[in-house]
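Below is one structure, written out as structure tokens; the observations come after it.
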Amino acid sequence: MPEKKKPIKYRLLNYGRYFIKEIIPVTIGILIALSIGNWNQNIKEQKYVTEMLGLIDNELKATDKSIEDVIPLQESLIDTLQHYSNNKDVSIMQTILNVGGVKIASIKTNAWNAISNSKLELVDYKLIIPLSDIVEEKEVLKVKGNTLINFANENLNETNTEKKKILILYLKDIIGTEKAIQKQIKAVKNLK
């Protein structure tokens with residue numbers, strides 16, 4: 001005679017016990033593991049952001065120093081060009097050589113580029129705007145620098161007053177951009 005099937009109530013009770021004994025501990029274990037994984041990931045991300053912000057700070061200091069060092073040299077070139085602007089015996093090349101060449105500040109943004117291309121969501125949004133502005137101003141400075149160098153190269157042998165004045169305008173424009181970058185650097189420092 002075949003065994004009798006156990007009543008449904010008994011089977012449900014057994015499934016309930018099985019569920020409590022086996023499934024719930026496994027589920028709790030998975031949830032704990034996920035929580036630990038998330039916590040660990042948050043710790044790693046905070047460490048990454050802290051390190052990158054330190055690198056950004058170092059780059060901003062180096063950029064600020066570069067601007068501080070270069071502006072007096074640029075102003076010296078402007079003064080020299082103004083002094084010789086009416087002298088038809090002194091060319092643009094001689095003027096540039098007298099002051100040691102044309103210098104443009106080095107703007108460092110490698111750390112910001114790295115974090116903005118990978119983990120931007122971890123950065124305080126108040127820092128994003130001024131740091132992005134520095135990158136944009138760097139590109140503007142690069143274009144202005146290329147324009148200045150191209151103009152100087154095309155007119156190296158010129159002694160014309162007008163050409164010297166145009167070169168002065170280019171230099172003043174570059175100084176203005178460098179000073180705008182310094183303002184953005186100060187804005188970043190004030191936010192920290």
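Listing for the model above:
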{"quantity": "Pick from the stretch 119-145, criterion in a loop (DSSP other than H, G, I, E, B) and more than 12 Å from the chain's Cα centre (by Cα), ranking: farthest from Lys65 (Cα to Cα)", "calculated": "Lys119"}
{"quantity": "Residue selected from the stretch 82-118 under the condition in a helix (DSSP H, G or I) and among the β-branched types (Val, Ile, Thr), by the criterion nearest to Leu53 (Cα to Cα)", "calculated": "Ile115"}
{"quantity": "Residue match in the stretch 167-190 (condition: outside any helix (DSSP H, G or I) and either within 26 Å of the chain's Cα centre (by Cα) or on the phi < 0 side of the Ramachandran plot (or both))", "calculated": "no"}
{"quantity": "Some residue of the stretch 64-81 being closer than 16 Å to Leu191 by Cβ and assigned to a helix (DSSP H, G or I)", "calculated": "yes"}
{"quantity": "Residue within the stretch 25-42 that is loosely packed, with under 12 Cβ neighbours inside 10 Å, within 30 Å of Ile149 (Cβ to Cβ) and not charged (D, E, K, R) present", "calculated": "no"}
{"quantity": "Some residue of the stretch 85-100 being acidic (Asp, Glu) and under 30 Å from Lys186 (Cβ atoms)", "calculated": "no"}
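Let's see how each residue does on (1) surrounded by fewer than 17 Cβ atoms within 10 Å (Cβ to Cβ); (2) on the phi > 0 side of the Ramachandran plot:
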position: Lys61; (1), (2): yes, no
position: Asp69; (1), (2): yes, no
position: Asp89; (1), (2): yes, no
position: Gly100; (1), (2): yes, yes
position: Ala105; (1), (2): no, no
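Quick note: the coordinates plus some simple rules give every number you see, no bench work behind them. Small disclaimer: the values here were computed from a predicted structure and weren't measured. Note that each Cβ is placed from the backbone with ideal geometry, even for glycine, and that neighbours are counted across all protein chains shown.
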